[in-house]
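The structure under discussion appears below in the form of C-alpha cells.
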Amino acid sequence: MAEAGRLILPAGRARRLPVHPVTALRIAIIVAVLATWEAVAASGLLYRDVVPSLVAISRALVETLSDKLFFWHLGTTFYEIGIALVIGGLSGLAVGIALGGSKLMEKAFEPLLYYLGPTPKIIFFPVMIMWFGVGPGSKVAMGAISCFFPVALNAAGGMRQIDKILIRVGRSFRANTWQMVTKIYLPAMRHPIINGVRLGLGVALIGTLLAETKLSNRGIGFLVIQAYSLFNMPQMYSLIIILFVIAIGANALIGRLGGLDDIKRF
C-alpha cells in the first residue's frame with residue numbers, strides 16, 4: 001500500500017530538478033569561459049595585460065562605476081542611442097508599412113533595402129559628419145541609419161502576414177489610413193515589430209559606439225578607445241562588460257514589453 005501511495009504522487013513533485021537544465025548549461029558555459037580566461041591570464045602566453053586577470057577587471061569595474069564622470073558619458077551615449085532608435089525605428093516602421101502594403105513599392109524598393117542593409121554603415125560616417133557636424137548629431141545619424149533597415153524589413157514582412165480578413169473589416173468600416181495603421185496594422189504586426197526593434201537596438205548601439213570611437217570626446221565609445229590608447233586593458237574590458245550587461249537588459253526589457261518572452265516560455 002505504501003508503494004501504491006508513492007506511485008500516485010504527482011510527477012512534478014516526485015522528480016523536481018533544483019535547476020532547470022537550460023539554466024545549468026548557461027552557468028556551466030559562463031564558468032568555463034571565466035576559468036579559461038583566468039588560465040590564459042595566469043599563463044603569460046600573451047603580452048602583459050592583454051588578457052588581465054578577473055581580479056584586475058573587477059577592480060577596474062568598481063572604479064569605473066564609482067566615477068561620476070562615467071555616468072555623464074553613459075548618459076550621453078544613452079541620449080544618442082535613444083534618439084537614434086526613435087528616428088530610425090519610426091522611419092523604418094513607416095517605410096515597412098508602405099512596402100508591405102503595396103506590391104509596386106515592394107518590387108521597386110525592397111530589394112534596395114536588402115542590398116543596403118548588410119552594408120557596413122560606418123562608410124557613411126564621413127557624410128554624416130559633413131551633414132551634421134562632429135557633435136552628437138552625426139552619432140545619432142549613424143545610429144538611426146543602422147536601426148532603420150532591420151525595422152523596415154521586419155515591418156514589411158509583418159505587413160504581408162496580416163490576415164486579409166482584418167484588412168477587409170477595417171475597410172468595411174471605412175477606416176482612414178491612420179485608423180488602419182493604429183487599429184489594424186500595428187496590433188497585428190506586434191511581434192515582427194518587436195523583433196525589428198530588438199535588432200535595431202543592437203545595430204544602433206554598434207553604429208553609435210563606432211561613431212564615438214572615431215570622432216568624439218564624450219560617450220562610452222570614447223572611453224573605450226581612450227582606455228585602449230592608454231593601454232588600460234582592465235578599464236577597457238570593464239567598459240565592455242558594462243555595455244554587454246546594458247544591451248542584454250534592454251533587449252530583455254523590449255522582449256518582455258512585447259510579450260515575446262511569455263510566448264517562448266509557453
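Values as computed for the structure displayed
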item: Sole exception among (1) surrounded by fewer than 16 Cβ atoms within 10 Å (Cβ to Cβ); (2) closer than 26 Å to Leu239 by Cα for Pro52, by number; result: (1)
item: Given (1) surrounded by 15 or more Cβ atoms within 10 Å (Cβ to Cβ); (2) under 24 Å from the mean Cα position of the chain (by Cα), number of the condition Pro187 does not satisfy; result: (1)
item: Condition met for Ser216 (surrounded by 15 or more Cβ atoms within 10 Å (Cβ to Cβ), more than 28 Å from Pro126 (Cβ to Cβ) and touching a residue at least 60 places away in the same chain (Cβ under 8 Å)); result: no
item: Matching residues in region 156-166 - criterion: being under 18 Å from Leu93 (Cα atoms) and assigned to a helix (DSSP H, G or I); result: Ala156, Gly157, Gly158, Met159, Arg160
item: Pairs with Cβ under 6 Å, 6+ apart, first in region 46-72 and of a type in the set (S, T, N, Q), second surrounded by 12 or more Cβ atoms within 10 Å (Cβ to Cβ) and modelled with pLDDT under 85; result: Ser53/Ala41
item: One residue from Gln179, Gln226, Gln235 being farther than 21 Å from Ile81 by Cα, assigned to a helix (DSSP H, G or I) and modelled with pLDDT of 90 or more; result: Gln235
item: Count - residues of region 24-50 that are within 24 Å of Phe231 (Cβ to Cβ), part of a helix (DSSP H, G or I) and not small (Gly, Ala, Ser); result: 6
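Residues checked against (1) surrounded by 15 or more Cβ atoms within 10 Å (Cβ to Cβ); (2) among the aromatic types (Phe, Trp, Tyr):
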position	(1), (2)
Trp72	no, yes
Thr77	yes, no
Ala98	yes, no
Ala108	no, no
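The values are calculated or read from the model by the stated rules, or taken from the named source; none is laboratory data. What you are looking at is a predicted structure, and each value in this text was computed from that prediction instead of being measured. When we count neighbours, we look across all protein chains shown, and the Cβ atoms used for this are built from the backbone with ideal geometry, even at glycine.
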